[in-house]
Every structure is written in C-alpha cells, then in structure tokens.
Amino acid sequence: MPENSSPVASAPTSESKAPRRRMTNRQRMIFLLTGWLIVMMPFLFWWNTWFGRKLSDKQVTEYLRDDKRPRHIQHALIQVGNRIERHDPAAQQWYPELVRLATYSVEEVRNTDAWVMGQDSSAAIFHQVLLKMLSDSSLTVRGNAALSLVRFGDDSGRPQITALLQPAKISAPQSGTIVDNGTPGTAVHQGGLVAKLRTATGIVELRSPIAGRIRTVLVSKGKTVPAAAAVATVDPDTDQVWEALRGLYLVGQLDDLRAITPYERDLPEIPDRVRQQAVLTERAVRERAKAGTASPQ
C-alpha cells in the first residue's frame with residue numbers, strides 16, 4: 001500500500017461549529033413577553049376603543065367627564081343611549097350631562113349626543129336643546145339634531161335633513177395654490193383630507209365635513225384659487241343618505257323631491273336599499289301632499 005494511503009486525522013478548520021449558546025432565563029422571558037405584547041396590544045387597543053364594551057354606572061359618569069379622551073365620552077354616550085332604548089330609568093341621572101355636551105368642543109361628541117337625546121322624546125329639555133343644535137357649525141350635527149327632532153314630532157329641521165342628501169362643497173378658506181388633491185371616486189372619512197392649499201402663511205389642509213366619496217375635483221394641482229372658491233365636492237355616504245331618506249319619509253315635502261329622486265336612479269354607487277327607500281320616500285311625500293296633510297308637529 002502506498003505510504004500516502006494511510007488514514008490521516010482531520011485538522012481543525014475555521015468551519016468547525018462552535019457549541020450553540022443557550023438562551024438565559026432572562027432572555028427567554030424577554031422573548032416571551034415581547035411575543036405576548038405583539039399579540040395583546042391590538043386586542044387591548046380594540047377593547048379600550050370598542051363602544052360596545054359595557055360600562056358600569058361609575059364608569060359612565062367618569063367617561064362622560066373625561067375631557068382628555070373624547071372617545072371615552074362617545075363610549076359613555078352610546079351606553080346611555082342604549083339604556084334609554086331599554087327604558088332604564090337609571091339613564092335619567094345623566095341627562096344633565098347630555099345637555100352640557102350639546103355645546104362640547106369636539107364635533108364627534110356633539111354628533112353622538114344629538115343622536116342620544118333623540119332616544120327619549122318625552123324629555124322636554126332635550127327638545128329645546130336639539131332645536132338650538134340646528135344652528136351648530138357642523139353639517140352632520142345639524143342633521144343628527146334634525147333627525148332626532150322627528151322623533152319629537154317636530155319637523156323644524158327638515159331643511160337640515162334635506163341638506164344631508166346634497167354633496168358637501170369643499171372651499172378654500174383663503175387664497176392660495178393647490179399643491180395636492182384627491183381623485184374623484186376616492187372614499188374619504190369625515191375629516192378626511194381632500195386637498196392641500198399653499199397660502200402665504202403655510203400649507204392648509206382641506207378636509208371633508210362628511211364621510212363619503214369625492215365627487216368632483218374643481219381645481220387641478222398647481223392652480224391658484226381665491227378665498228371661498230370651491231375646490232371639490234364630496235357625495236354623502238350610504239348611511240347618511242339612508243337616515244335622511246327615512247327622516248323625509250315622515251316629514252318631507254314636495255320641495256324636497258329634487259334631493260330625493262336622484263337616489264332612485266339605477267347606478268352602481270346607489271345600493272338597492274337606498275334606491276328602494278328613495279322610492280318609498282317620494283311616494284310618501286306625494287301622498288301626504290295629495291291628502292293635504294302636514295308633517296307631524
């Protein structure tokens with residue numbers, strides 16, 4: 001046998017595997033805690049912001065006065081509204097808070113408050129407050145107040161209800177140049193960004209007062225607009241239209257048909273239930289006019 005054929009022991013190389021380092025107990029705990037937080041944080045966020053979570057009487061009182069968290073106020077308002085619907089007499093303890101919140105600084109809170117006060121049409125104080133809310137600066141607050149007044153047999157807010165069917169106009173608060181804008185057909189939330197305007201004092205964001213879809217963009221990017229000029233329009237979303245049509249079914253007049261009948265058209269953006277409600281609403285309005293009956297007072 002040749003000399004070089006004898007077995008030779010392998011010399012250590014740089015590729016030899018070093019012993020695997022095991023995790024310490026502290027590292028293991030940090031790893032498990034991180035994984036738990038990744039799973040739990042979305043749930044905890046949802047749990048703390050979910051309006052369906054039941055609150056105790058003490059929590060309702062605390063949430064109604066939590067000025068640092070407007071969503072807490074909304075949560076409590078919805079809970080009060082649910083109790084009113086169940087004819088729970090305990091709900092009356094919070095009626096003074098509902099009256100106070102009618103002028104709250106946050107629009108979403110006033111909007112929810114207007115809806116809740118409509119749940120008890122026997123409360124004269126709510127009737128008075130809702131009438132004042134017809135002059136609110138927010139279109140949706142005015143609309144919700146008007147819809148709640150219908151429950152009181154009061155059609156004072158009929159113009160505000162009809163306005164809920166109309167596209168919202170987005171105007172430039174001051175002169176400037178459009179530096180960005182949305183695209184027709186794009187869905188926007190209430191308060192969603194529609195366009196940006198560069199003014200002498202900086203960038204101004206133009207936001208939608210309602211939820212819906214951008215209908216038209218009237219000024220293209222790079223164009224200069226004067227103050228108060230219309231920049232875009234937004235069509236109201238399905239829920240807003242649905243509620244407005246239901247309100248006008250009870251209090252609508254012939255003058256409102258111009259706003260009602262467009263929703264009877266067979267178009268992809270008009271759901272069947274909205275189209276059917278529009279037809280029913282028009283029929284109710286015409287029958288009421290034909291009979292010479294007034295809407296409820």
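Just so it is clear, none of the values below were taken in a lab; they were calculated from the coordinates. The structure presented is a predicted model; accordingly, all values stated were derived computationally and were not measured. Here the Cβ positions follow ideal geometry from the backbone for every residue, glycine too, while neighbour counts run over all protein chains shown.
For residue 270 and residue 175, FRET efficiency with R0 = 35 Å and r from the beta-carbon atoms, rounded to 0.05?
Result of the calculation: an efficiency of 0.45.
May I ask for the percentage of alpha-carbon pairs in the stretch 237-291 that lie more than 19 Å from each other? Please list the in-between numbers first.
Values: 277 of 1485 pairs.
Distances greater than 19 Å cover 19 percent of the Cα pairs.
Counting other beta carbons within 10 Å of each Cβ, put 73, 78 in order, fewest first.
Ascending number of Cβ neighbours within 10 Å: 78, 73.
Can you figure out the FRET efficiency of residue 24 with residue 59, using R₀ = 30 Å and their beta-carbon distance, to the nearest 0.05?
On the way: r = 42 Å, r/R0 = 1.41.
Result of the calculation: an efficiency of 0.10.
Computed FRET efficiency, Cβ-Cβ of residue 287 and residue 255, R0 25 Å: what is it to the nearest 0.05?
On the way: r = 16 Å, r/R0 = 0.63.
After rounding to 0.05, the efficiency reads 0.95.
Please give, to one decimal in nm, the separation of the simple spin-label points placed at residue 203 and residue 93, each 7 Å out from Cα toward the Cβ.
Distance between the two pseudo-spin positions: 4.9 nm.
Taking the Cβ of each residue in 263, 249 as the centre, tally the other Cβ atoms inside 10 Å and list the residues starting with the fewest. Could you put the intermediate results ahead of the total?
On the way: 263 22, 249 19.
Listed from fewest to most nearby Cβ atoms, that is 249, 263.
What's the Kirkwood radius of the stretch 131-175 in Å, using all Cα pairs? Don't jump to the answer; show the numbers that get you there.
Numbers: mean 1/r = 0.0897 Å⁻¹.
11.2 Å is the Kirkwood radius here.
What length, rounded to one decimal in nm, is gained on full extension from residue 279 through to residue 132, with 0.36 nm per residue of separation minus their alpha-carbon distance? Spell out each step's value before the answer.
Details: separation 147, 0.36 × 147 = 52.92 nm, distance 3.15 nm.
Extra length available between residue 279 and residue 132 comes to 49.8 nm.
Starting with the fewest neighbours, write out 170, 161, 203 ranked by other beta-carbon atoms found within 10 Å of each beta-carbon. Show your work: numbers first, answer last.
Numbers: 170 24, 161 28, 203 11.
With the fewest neighbours first, 170, 161, 203 line up as 203, 170, 161.
Give the cross-link partners of residue 223 among the aspartates and glutamates, using a straight C-alpha distance below 18 Å as the criterion and excluding same-chain residues fewer than 8 apart.
Result set, ordered by chain and number: 180, 205.
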